[in-house]
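To keep things clear, I will list the structure first and then write my remarks on it.
Bear in mind these aren't lab numbers, they're just calculated from the coordinates by the rules spelled out. On a predicted model such as this, the values are computed, not experimentally measured, just so you know. A quick note on method: Cβ atoms are made from the backbone with ideal geometry, for glycine too, and the neighbour counts reach across all protein chains shown.
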Amino acid sequence: MDIENFKKKIKEKTAQSIGFARENWKSLLIAGVAFVALAYLSKENEDENAEYDEEEGREMNFSKKWFKNATDDELDSEREKVRERYVDGTIDIDEADRLYDTLHRFDAEMIDRANLKYEEEHPNAQPRHREHGWYLPNDD
């Protein structure tokens, strides 16, 4: 196939796609708006990480929104409840896997908060480099 035939086919396909878009623009617009709305709602209602707390008989909903709005004390207490459930010997492997991931989400949020607090308290902190390596004392 030479270059001229290739360019000709590209122009034909482009004209076909433009014609399709012109004829079906309302359907395409509605589909796009519906897609954006569903994406927004799925982000807002993020409940796939919900766990069930058997002792209190309630569902533990640890969405991104919950992590963002929880206080440090709430994070500590809820993490401890999840940890106790994780080390309980009566859970199956699937639940243990979900709880393990939830524990790591708690840890990541707590570390991020600690790092932000440190950066606020020490705005001009510089990494310490010594002649023998990072963070090593000079008394070797």
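Quick notes
- Here Thr102, Thr71 are placed in order of increasing Cβ neighbour count within 10 Å, fewest first, which gives Thr71, Thr102.
- The range 1-44-the range 96-114 distance, computed between alpha-carbon centres (Å): 41 Å
- Anchor Lys65: lysines whose Cα lies under 30 Å away (excluding residues fewer than 8 positions away in-chain): Lys43, Lys81, Lys117
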